[in-house]
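See structure below.
The values are calculated or read from the model by the stated rules, or taken from the named source; none is laboratory data. A quick note: this is a predicted structure, and the numbers were derived from the prediction, not measured. Neighbour counts are summed over all protein chains in view; Cβ atoms, including those assigned to glycine, are modelled from backbone coordinates with ideal geometry.
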Amino acid sequence: MAIKKFAVAAYDDEDVLFPAVSKVRHSGYKIHDIYTPFAVHGLDEAMGLKTTDLHIAGFIYGLCGTSTAVGFISWIYTSDWPINYGGKPHFALPAWVPITFELTVLFAAVGMTLTMCYLNQIMPGVKKHVFHPRQSDDMFVMAIELNNHTSEEAVLAFLRSTGAKEVNVQVAESGWWYGRWDKKEPYEALNPG
Amino acid sequence: MHLKYESFVREPLVDNSKDYHEVSEDIVSPIERKPGRMWYVGFIFSLILLGFGIFSVSWSVYWGLGTWGVNRTIGWGWDITNFVWWIGIGHAGTLISAILLLFRQGWRTGVNRAAEAMTIFAVMCAGQFPIWHMGRVWDGFWVLPLPNSRGPLWPNFDSPLLWDVFAISTYFTVSLLFWYSGLVPDFALIRDRAKTKFRKMAYGVASFGWTGTAKNWQRMEALALVLAGLSTPLVLSVHTIVSFDFATSVIPGWHTTIFPPYFVAGAVFSGFAMVNTLLVITRRILGLEEYITIGHLEAMNKIIVLTGSIVGVAYLTELFISWYSQSWGEMAAFQWRIMGPYWWSYWAMMTCNVVSPQLFWVKKLRRNIPFTFVMSIVVNIGMWFERFVIIVTSTYRDWVPGSWAYYSPTWPEVGFYLGTFGLFFTCYFLFAKYCPVIAIAEIKFVLKTSGENYKKKMEAIDAMDAQEFIDSVHAHHGEEHHEVAAH
């Protein structure tokens with residue numbers, strides 16, 4: 001993607017974060033993203049994010065599994081190689097329920113997980129910028145994208161007034177890339193510390 | 001500001017005053033330091049068992065299944081007994097993580113990670129038995145519906161044994177996805193804390209580059225909820241299908257409609273016992289007593305007494321129905337179970353599964369850790385005998401008295417069983433060393449409603465009069481709006 005400049009505010013309590021999010025949004029700043037150590041319920045709503053349609057994808061994958069199982073078994077038993085098993089009918093739907101159910105679950109689960117990884121852009125080998133070393137531990141970290149017109153001092157002072165424990169300006173790659181986590185990226189030299 | 005409140009009737013899920021950082025510290029630090037002597041002793045012992053298992057299996061494959069004690073009358077023996085036993089144990093993890101998630105049971109957060117890991121390892125062990133029971137294991141791929149040059153001859157989709165192939169492989173895959181998707185954010189925590197280069201790199205790969213953005217968490221939660229919804233019928237279907245292996249056969253003692261629910265209850269029973277066995281040791285060695293509290297163990301003991309009683313009712317129902325059917329074969333099968341040459345296995349099952357868990361009605365015993373540990377092992381001995389009773393004592397006296405037989409295992413069968421213990425504990429020791437044994441992100445999520453220190457803060461609210469409380473909330477909200485307006 002691109003290397004950009006961000007104002008970063010780290011909060012130590014989600015109960016401080018929520019009012020801060022609404023203040024930042026009311027003031028017209030665009031939140032790049034908020035990084036939290038666990039799923040904070042209601043944060044997506046507070047940030048104005050839409051709900052996810054992942055479960056609809058799951059439903060469609062499930063239907064694919066159902067039709068694969070029923071279609072495949074019925075094709076084999078009625079046309080490709082019909083075998084008489086103890087006089088049971090060739091089209092023995094009740095006996096196929098277990099396999100059909102299992103394939104439905106399998107397709108839905110695998111499909112949804114892969115879709116989640118794709119949408120969230122996570123994969124072994126993927127690297128992203130970490131704004132705060134404790135954003136996965138106990139800090140709730142908000143990043144606001146800066147442009148040439150915004151005054152850094154004003155933004156930082158404002159973020160401090162919302163209750164942030166730490167504020168700073170960072171240059172960061174905004175997207176993801178392939179890389180090793182033990183290696184420093186060239187752009188990181190631009191940041192203090 | 002949103003209000004979090006939980007009744008005082010519920011005991012805290014996390015003891016002592018903990019904040020988010022202390023939670024990370026407590027759970028991750030065992031991964032960051034060198035393992036203790038106990039870990040090495042246990043791990044090496046597991047590897048030795050695993051090695052002996054590999055030797056026994058190699059011996060069985062090289063010389064053929066004639067090295068086993070099974071014969072034409074009793075074809076399944078220890079092998080399938082162990083298969084059903086392990087697969088039953090492998091039911092607790094998904095039950096805890098999926099069904100208890102849907103029922104909003106907060107206490108699952110302390111135990112779900114270890115239980116899910118245990119499930120995956122138990123299913124791995126279970127899978128070995130049908131595979132090596134094939135004898136000519138190099139033809140094992142014949143169970144898969146692959147295009148082939150044998151006709152094309154497809155597997156029998158109407159057969160419960162093939163349903164098993166699909167059920168167990170699906171169950172393993174879905175459990176693995178569920179478990180690993182929960183591990184990803186916790187691996188990211190270890191990565192961000194890592195001081196050494198290698199740890200940073202390895203956990204960087206394992207964490208898939210997770211950074212925990214709001215949108216990522218939203219999708220992750222959506223996935224967890226749907227996976228829970230899918231796993232709930234899945235976990236019930238797996239042991240139902242295993243029970244079909246027996247229930248669809250026309251053999252006295254097997255041909256009963258009670259089998260699916262009775263197998264599922266038995267699976268939960270033995271699975272929770274295995275979770276207790278592991279957690280009693282894990283919480284002690286890793287010092288996690290504040291997260292896996294006595295309350296957690298008690299909750300699992302309650303499920304053990306419930307499912308144990310269901311299993312007991314099922315045993316008695318079987319006996320009643322065999323008499324009520326007035327079918328000679330049915331009545332004889334159960335009479336021989338109780339009083340035949342295998343009477344000891346029937347009574348071991350009855351004592352361990354039905355009588356002893358009833359002691360858990362006593363609260364003192366439910367909350368007693370040494371007693372819980374002993375009981376958890378007794379239950380799994382009982383459940384092993386249940387499968388032995390079903391498999392061996394239903395078949396050893398079949399329709400032709402001339403082919404009645406007695407069966408005892410040979411050393412490769414016993415070695416194979418011991419080898420799966422080796423596999424199970426090797427995996428578990430590696431898991432306990434390299435993965436957070438408690439779901440850190442989920443514990444943090446419940447910390448403010450169920451942590452002991454946070455619950456204490458609610459005392460003031462509890463003492464408040466209702467109207468007073470409403471006023472205080474309104475006053476607070478007014479303040480907040482005022483501040484926003486000022487900007």
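On inspection, A:P89 does not qualify as out of contact with any Pro (no Cβ under 6 Å at 6 or more places or on another chain), at the interface with chain B (Cβ under 7 Å from one of its Cβ atoms), surrounded by fewer than 22 Cβ atoms within 10 Å (Cβ to Cβ) and part of a loop (DSSP other than H, G, I, E, B).
Please determine whether any residue of segment A:97-110 is among the polar types (S, T, N, Q) and more than 9 Å from chain B (Cβ to nearest Cβ). If you could, list the steps in order and put the result at the bottom.
The first filter runs over segment A:97-110 and keeps only residues among the polar types (S, T, N, Q), leaving A:100, A:104.
Add one more test, that the residue is more than 9 Å from chain B (Cβ to nearest Cβ), and what stays is A:100.
Yes, because at least one residue in segment A:97-110 is among the polar types (S, T, N, Q) and more than 9 Å from chain B (Cβ to nearest Cβ).
Among the conditions (1) under 14 Å from A:A9 (Cβ atoms); (2) surrounded by fewer than 20 Cβ atoms within 10 Å (Cβ to Cβ); (3) touching a His at 6+ places or on another chain (Cβ under 9 Å); (4) charged (D, E, K, R), A:E152 misses just one, which is (3). Once segment B:194-212 is narrowed to residues that are within 7 Å of another protein chain (Cβ to nearest Cβ) and either of a type in the set (A, V, I, L, M) or assigned to a helix (DSSP H, G or I) (or both), the residue that is surrounded by the most Cβ atoms within 10 Å (Cβ to Cβ) is B:G204. Taking the criterion of being within 22 Å of A:E14 (Cα to Cα), within 11 Å of another protein chain (Cβ to nearest Cβ) and not in a loop (DSSP other than H, G, I, E, B), the residues of segment A:113-149 that qualify are A:F140, A:V141, A:M142, A:A143. Within segment A:69-85, the set of residues being out of contact with any helix residue (DSSP H, G or I) (no Cβ under 6 Å at 6 or more places or on another chain) and more than 9 Å from every other protein chain (Cβ to nearest Cβ) comprises A:G71, A:S74, A:W75, A:T78, A:S79, A:P82, A:N84.
Counting only helices (runs of 4 or more DSSP H) that sit wholly inside segment B:284-370, those with at least 2 residues that are under 23 Å from the mean Cα position of the chain (by Cα) and farther than 30 Å from B:Y396 by Cβ are B:294-325, B:363-366.
Against the numbered list (1) more than 30 Å from B:D158 (Cβ to Cβ); (2) of a type outside the set (G, A, S); (3) within 14 Å of chain A (Cβ to nearest Cβ); (4) surrounded by 24 or more Cβ atoms within 10 Å (Cβ to Cβ), B:L279 comes up short only at (3). Taking segment B:273-298 as the range and being closer than 19 Å to B:K444 by Cβ and of a type in the set (A, V, I, L, M, F, W, C) as the test, the residues that pass are B:L286, B:L288, B:I292. For segment B:107-155, a tally of residues being modelled with pLDDT under 85 and away from chain A (no Cβ under 14 Å) returns 3.
Within segment B:60-90, being more than 28 Å from the chain's Cα centre (by Cα) and either under 21 Å from B:P260 (Cα atoms) or assigned to a helix (DSSP H, G or I) (or both) holds for B:S60, B:V61, B:Y62, B:W63, B:L65, B:G66, B:T67. Of (1) more than 7 Å from every other protein chain (Cβ to nearest Cβ); (2) assigned to a helix (DSSP H, G or I), B:K215 satisfies all except one. Which? Status for B:K215: all satisfied but (1). Scanning for something assigned to a helix (DSSP H, G or I), modelled with pLDDT of 90 or more and touching a Lys or Arg at 6+ places or on another chain (Cβ under 8 Å), does segment B:156-178 turn up at least one residue? No, there is no match, as no residue in segment B:156-178 is assigned to a helix (DSSP H, G or I), modelled with pLDDT of 90 or more and touching a Lys or Arg at 6+ places or on another chain (Cβ under 8 Å).
None of A:Y35, A:Y61 is crowded, with 18+ Cβ neighbours inside 10 Å, more than 9 Å from chain B (Cβ to nearest Cβ) and of a type outside the set (A, V, I, L, M, F, W, C) except A:Y61. Applying the set (1) surrounded by 13 or more Cβ atoms within 10 Å (Cβ to Cβ); (2) closer than 25 Å to B:P436 by Cα to B:S29 leaves exactly one unmet item: (1). Answer yes or no: is there a residue in segment B:445-460 that is touching a helix residue (DSSP H, G or I) at 6+ places or on another chain (Cβ under 6 Å), at pLDDT 75 or above and surrounded by 11 or more Cβ atoms within 10 Å (Cβ to Cβ). Checking segment B:445-460: at least one residue is touching a helix residue (DSSP H, G or I) at 6+ places or on another chain (Cβ under 6 Å), at pLDDT 75 or above and surrounded by 11 or more Cβ atoms within 10 Å (Cβ to Cβ). Within the option set B:A115, B:A167, B:A122, being under 26 Å from A:P94 (Cβ atoms), in contact (Cβ under 8 Å) with a residue 24 or more places away in the chain, small (G, A, S) and touching a helix residue (DSSP H, G or I) at 6+ places or on another chain (Cβ under 6 Å) holds for one residue only, B:A167.
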